[in-house]
Amino acid sequence: MKIALPDASGVLNDYQLEGTPIAQARLAQNASRVVFSAAHVVADPFSEADPFGSAAVDWSATMSFRRYLHDLGLGIAEAMDTAQRGMGLDWNGALELITRTRQELPDALVFNGCGTDQLDPSEAHSVNDVVAAYLEQVEAIQRVGGRIILMASRALARVAKGPEDYHLVYERVLSACDQPVILHWLGPMFDPQLAGYWGSDTFEACLETCLTMIEANQSKVDGIKISLLDKKKEILMRRRLPASVKMYTGDDFNYPELIEGDAHGYSHALLGIFDPLAPAAAAAVSRLSDGDAEGFRAVLDPTVPLARQIFRAPTQYYKTGVVFLAWLNGFQDHFVMLNGAQAARPLPDFVTIFKQADSCGLLRDPDLAIARMKRLLAIYGVA
């Protein structure tokens, strides 16, 4: 099978597909790593709602994708930034998403994003405002029986005067959580409004603040997801966590070696890239659980160039590549996103993603993928 694809100058060249689709494997419940996929949402292209206003979600397709992830044995990190949280999906939409997933998949492993996004950072005047916003979401998520991922707060980054304010807010919020939570340290490459989170401009100082807070509240903390795209920082923090607290890698650049680990420990996974890489994640971690580290790396290592392409700067627009692959693979009937985010990457990006997804076996129906890629090219004027 082949398709004519344009280069950066618009010149067409035949591309011969070479990949073999990854065979579906289900990750066992007793796998050696806990693996979450941060799942995207499917927009409703027929809604008359303002695309830059309230989110219009295709609930049927969105829930179908979550059932697919669950059938692979993966956990679901719900209503996170992969679902365009804060970039099209507001708190009301997030709560509906959380509630629907809880109702439709009551036995699935699901943790849910809990933040302060109903509070405009410009309207936050004190840490008390931030605490109140967090607690509103904590109570709503727990009311429907949901587990919590405590997301970083833009409002807290704006009003906090130093590390002591972070300690105060997290202690008060964690005390209201009825089960241990996953913390989320999201770097400014994903959200520029989170620069200086934990009260300092240096990683070293932020690390000490975060670790001290975890030590003081470790009975309330299941683990922490660190998304700084720097494996050395993750490994350093992982080695200093209390024994009861898991490290969940959020490093979409270096996940194979971080999940495999070293003589001092390993990371579990909570990754946006494990939305398009779901079959590879399930197959690879199944091999690792069977003691086949070489087989684990043989599946996941070839996916890293694709992940780095999808998460290239500006990193916050990685969702476009995620949804593009969901469309190519038939999980939705269109390539439309909340807030018109399908336009957040240029055509050469899509061409590269298409080729890389093929090379590592992530086009599950190559004929369908070719047909849809041709439709996209036609929109850009490629005959």
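So here's what we get for this one:
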read-out: Residue pairs, from the table 232/355; 225/246; 319/355; 161/319; 161/231; 220/246, whose Cα atoms sit over 20 Å apart; value: 232/355; 161/319; 161/231
read-out: Residue 365 versus residue 244: modelled label distance in nm, points set 7 Å from Cα along the beta carbon direction; value: 4.8 nm
read-out: Cut-off 12 Å between beta-carbons: net charge of the residues surrounding residue 99, Lys and Arg +1, Asp and Glu -1; value: 0
read-out: Heavy-atom accessible surface of segment 145-263: percent carbon and sulfur, 1.4 Å; value: 49 percent
read-out: Percent accessible area from carbon and sulfur atoms, segment 9-56, protein chains only, probe 1.4 Å; value: 48 percent
read-out: Amide H partners (placed H, <5 Å) of residue 270, local residues excluded; value: 36, 249
read-out: For residue 90, distant residues with modelled amide H under 5 Å away; value: 55
read-out: Top of 359, 153, 244 by mean-square fluctuation, Gaussian network on the chain, Cα under 10 Å; value: 244
read-out: Between segment 43-110 and segment 295-369, the alpha-carbon center distance in angstrom; value: 19 Å
read-out: Neighbourhood net charge (14 Å Cβ-Cβ; Lys/Arg +1, Asp/Glu -1) for residue 247; value: +2
read-out: Three-way shape call for segment 1-119 based on the alpha-carbon gyration tensor, with the a/c threshold at 1.5; value: oblate
read-out: Rounded to 10°, Cα long-axis angle of helix 127-143 versus longest principal axis of the chain; value: 60 degrees
read-out: Three-way shape label, the chain, alpha-carbon gyration tensor, a/c 1.5; value: prolate
read-out: Net charge, residue 309 excluded, C-beta distance under 12 Å - Lys, Arg +1, Asp, Glu -1; value: +2
read-out: Prolate/oblate/rounded label for segment 301-350 (Cα gyration tensor, a/c 1.5); value: oblate
read-out: Extension gain, residue 46 back to residue 294 (0.36 nm per residue minus Cα-Cα distance, nm); value: 84.6 nm
read-out: Theoretical gain in end-to-end length, residue 168 to residue 107 [0.36 nm per residue, Cα-Cα removed]; value: 18.6 nm
read-out: Cα-based equivalent ellipsoid, segment 1-71: semi-axes from gyration tensor eigenvalues, Å; value: 31, 28, 11
read-out: Residue 11 paired with residue 205, simple spin-label distance in nm, labels 7 Å along Cα-to-beta-carbon; value: 5.2 nm
read-out: Residue-normalised accessible area of the chain, given per residue in Å² at a 1.4 Å probe; value: 40 Å²
read-out: Cα centroid of segment 134-152 to Cα centroid of segment 188-206, whole Å; value: 23 Å
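The values are calculated or read from the model by the stated rules, or taken from the named source; none is laboratory data. Since we're looking at a predicted model, the values are computed, not measured. As a convention, Cβ positions derive from the backbone with ideal geometry for all residues, glycine included, and neighbour counts pool all protein chains shown. For the accessible areas, the whole protein counts, side chains as well, though only heavy atoms, and no ligand, DNA or RNA atoms are used. Shrake-Rupley method; radii C 1.70, N 1.55, O 1.52, S 1.80 Å.
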